[in-house]
Amino acid sequence: MLDQKIETIIIKYFSRSASIDELITLTAWMNDESNALVFKDFVNTNYLIDSNMLDFDIEGERKKVLQKIEHDKKNQRTASFKRLYKYAAILTVTIGLGVAYVLNDFSFNKEEQIAVPNEDTNIMPGIDRAILTLENGSEVILEKGKKVKLKGRTLNEDKLVYHTKTKSPKKKQELQYNYLTIPRGNQYFVQLSDDTRVWLNSESKLKYPLFFIEGQPRMVELIYGEAYFEVSKSTLHNGDSFMVKTGLQEIEVLGTEFNVKAYKDEDELVTTLVEGEVKVGNGIESKLLSPSEQSIINVKGQGIKVKKVKKIFDEIAWKEGYFSFRQKTMKDIMKTLSRWYDVEYIFREAELENKSFSGVLDRESTIDQILIYIQKTNEIKYHIRNNMVIIE
């Protein structure tokens, strides 16, 4: 079984975003022969779809990691930098292409470039931006470079932190709510007054109180969209549980990490548990989830289904800065891309919607870089016209 931390490092390794410390951790882990076999199996499963291809060279990769570490240590001695490895358009190579080794410069030669007569090829990825609706109903734009003074709250570039601690019920204060709305093409992070941390994906809206009342459940509502919750433990709040409402669904938490997806244009409410335990209910029945389990509630009413998730990273990749598609249809992929890049899309032929694709892609790439890669691996063609992606 591949440890989630190691799996994340491997993904970052192939997308050129691993730090020196992470590369050292990966190398040390691979020194164990059994781990090297796990690594090989993971790579062959996730990066080599064609079983007729050559086996992955573990020893060669180990040497490359060591060379990379030494190379970047030299760079550190000569330059200051925040991130060495994040290269736009460095995407996991899948169907029919084999593995693109992270240490080789990945670029198309002139004769390899795909000529796509697009008008809007510079559609950039999303940014950290949100609209905060205050308790008095006024709205504040939160974004990089915009200075905002808010009582009891700190705004640091890409995150909003609340400082008001849990209130005593003796004060009999009424709860006051804020709303954080994330438009299409944006994302944002908020730390609630109980220290619960929430990452919000594009096209999402969260309702939460300025403070929580002691002796009552800490209740928030994901009105729509997708959010990753890292909940402050109930033991730090006199046993008060944490609850998340999403439409027909109510999630009770004692202290854990989980992802909730409840988009308005999708028929399913999906909750994926990473750590701890949660109870998911729909007003009729409830189910307990264990780590790596996922509940699915159909908004049209078919009860609560629970299944085991093979790869947790696929469900939370967006939080780490990636798209992770595992045999996803082009229809599902375009729905995801449209939210992040704030574009519309159409398919010229209905059968194109069901074409499948697998790969880990960098959310910091432009949409053109993403689509060029999918086109090269999936034999689709596309055009972009006036913020409309046309798949043909």
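The values are calculated or read from the model by the stated rules, or taken from the named source; none is laboratory data. These numbers were taken from a predicted model, which means no experiment stands behind them. Backbone-built Cβ (ideal geometry, glycine too); neighbour counts: all protein chains shown. These area figures cover heavy atoms from the full protein model, side chains too; ligands, DNA and RNA do not enter into them. Shrake-Rupley method; radii C 1.70, N 1.55, O 1.52, S 1.80 Å.
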Q.
Which condition from (1) over 19 Å from the mean Cα position of the chain (by Cα); (2) assigned to a strand (DSSP E or B) is the one that residue 324 breaks?
A. (1)
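Test of understanding: among 193, 234, which residue is over 15 Å from residue 296 (Cα atoms), without any contact (Cβ under 8 Å) to a residue 24 or more places away in the chain and not aromatic (Phe, Trp, Tyr)?
Just one listed residue meets the conditions, 234.
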Q: Considering every residue within segment 222-233, establish whether at least one is surrounded by fewer than 17 Cβ atoms within 10 Å (Cβ to Cβ), of a type outside the set (Phe, Trp, Tyr), under 21 Å from the mean Cα position of the chain (by Cα) and more than 14 Å from residue 206 (Cα to Cα).
A: no
Q: Hey, can you tell me all the residues within segment 193-210 that are assigned to a loop (DSSP other than H, G, I, E, B) and surrounded by 21 or more Cβ atoms within 10 Å (Cβ to Cβ)?
A: 193, 194, 196, 201, 202, 203
Q: Consider only pairs whose beta carbons are under 6 Å apart and that are at least six residues apart or on different chains; among these, list those whose first residue lies in segment 131-158 and is open to solvent by 90 Å² or more (accessible area, probe 1.4 Å) and whose second residue is of a type in the set (Ser, Thr, Tyr).
A: 139/133
Q.
Going by what's in this entry, would residue 242 be described as in contact with a Lys or Arg (Cβ under 6 Å, 6 or more places away or on another chain) and open to solvent by 10 Å² or more (accessible area, probe 1.4 Å)?
A. no
Q. Taking segment 342-392 on its own, how many of its residues are of a type in the set (Ser, Thr, Tyr) and part of a helix (DSSP H, G or I)?
A. 2
(Q) Just to verify a result, which residue in segment 293-330, among those that are among the polar types (S, T, N, Q) and open to solvent by less than 20 Å² (accessible area, probe 1.4 Å), is nearest to residue 366 (Cα to Cα)? (A) 324
Q.
On the basis of being within 20 Å of residue 335 (Cα to Cα), modelled with pLDDT of 95 or more and among the hydroxyl-bearing types (Ser, Thr, Tyr), does residue 208 make the cut?
A. no
